[in-house]
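Q: Shown below is the structure under consideration.
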Amino acid sequence: MIKNIFLSLVMFLCFYFSQGQNIGSSPEYIMALTADWKGERFDDGRPKVSDDILERLKSITLEEAWAELIELGYDNQYEGDWQFIDDSESTTMTGRAVTAQFMPSRPDLENQVIEQGKKEGRAWEQRRTVSWAISTLVEGDVYVADGYLKPHLGTIIGSNLGTGVYNRTKRGIIAYGHIRDMENLRKIDGFNGWIKGSDPSYMRKTLLTSINSPVRIGNAIVLPGDAVLAKKDGIVFIPAHLVEHIVLTGEVTALFDVFGEWCIKENKFSAGAIDSVWTEEIKAQFRKWAKENANDLPMSMETLNNFLEGRNF
């Protein structure tokens, strides 16, 4: 009996560590990382947050999303202080994270990565790993790359790879690091990037070591499939299983604000009353107001009522 348990443990550890050596995380590993997600998934195992939720997420402020995440115990999901490829266009982007981890290269590690890339069917012939994660992207993805802030010889994309990212995702890039070829990247209609800087050099002496594993983007931890809320003032990475809750909470908060302003303007309640814990009278008036404006709400009345049942006004 003990021998059988020992052999099972050895087999499990061999499987676990063999999986850990992959460049692209296995679906089983991604599913284990994101076990709280109960919805649809991509073939690679990532949670498939719906397009509708991602579109509604655009209207949620960073403060609304961040405050609720902190309330839920997720304190490490925000990173600020970004530069932009093009700050003349809209700087709001939502999507599903595909993560990439880059590290300084060393010959023995590079050899192992290239050999593993061969086994995984990646473009290994020129020993350049910079494009490997990009070839996995699909529409709605956001490429989230940890380039460990390396500028010279560490740039994560140029105009060719940037075009590849946009063609596949119709989104931009989040690079905790530097990129190159800024002038031509600005010419890609609809493309933008949240970056830490630019450098004219191309990537050398830097190595991709994993795709769709957990990465650190500044102060934030990002898992594959996280919903990305990127705005001009920063980025919040939302766990997939929480994004619908975050969206609904933000939308209801916005409704409270609209309702409160309407009450004050119509002299129904004072600003002090609206800015305090609501009385039963105010709560009843809000429900009445919401029902009268049901066609303009971002959610159904049933969804709103269910939300209000479990939350203090």
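Q: Go through the residues of segment 146-169 one by one and say whether even a single one is surrounded by 13 or more Cβ atoms within 10 Å (Cβ to Cβ), assigned to a strand (DSSP E or B) and not charged (D, E, K, R).
A: Among the residues of segment 146-169, not one is surrounded by 13 or more Cβ atoms within 10 Å (Cβ to Cβ), assigned to a strand (DSSP E or B) and not charged (D, E, K, R), which makes the answer no.
Q: Another one. Filter segment 54-93 down to residues that are among the acidic types (D, E), exposed (fewer than 14 other Cβ atoms within 10 Å of the Cβ) and more than 20 Å from R171 (Cβ to Cβ) and give me whichever is farthest from the chain's Cα centre (by Cα).
A: Per the stated criteria, the residue is E71.
Q: Could you say which residue among I282, I188, I264, I246 is in contact with a helix residue (DSSP H, G or I) (Cβ under 6 Å, 6 or more places away or on another chain), over 23 Å from I174 (Cβ atoms) and either not assigned by TED's automatic domain parsing to the domain that holds T169 or not in a strand (DSSP E or B) (or both)?
A: I264
Q: Related question: Kindly evaluate V138 against the criterion of being closer than 30 Å to E244 by Cα and crowded, with 17+ Cβ neighbours inside 10 Å.
A: No, not satisfied.
Q: Given the conditions (1) touching a Ser or Thr at 6+ places or on another chain (Cβ under 7 Å); (2) under 20 Å from D81 (Cα atoms), report the number of the one that I174 does not fulfil.
A: The single condition I174 does not satisfy is (1).
Q: Moving to a separate point now. Looking for something assigned to a loop (DSSP other than H, G, I, E, B), within 24 Å of P151 (Cβ to Cβ) and in contact with a strand residue (DSSP E or B) (Cβ under 9 Å, 6 or more places away or on another chain) - is there at least one such residue anywhere in segment 64-76?
A: no
Q: Looking at R96 and the list (1) over 24 Å from A254 (Cβ atoms); (2) crowded, with 22+ Cβ neighbours inside 10 Å; (3) of a type outside the set (S, T, Y), which single condition is not satisfied?
A: (1)
Q: Still on this structure, I have one more. Test T136 against the stated conditions and say whether it is on the phi < 0 side of the Ramachandran plot, within 24 Å of the chain's Cα centre (by Cα), modelled with pLDDT under 95 and of a type in the set (S, T, N, Q).
A: no
The values are calculated or read from the model by the stated rules, or taken from the named source; none is laboratory data. What you see is a predicted model, and the numbers here were worked out from it, not measured in a lab. Neighbour counts are summed over all protein chains in view; Cβ atoms, including those assigned to glycine, are modelled from backbone coordinates with ideal geometry.
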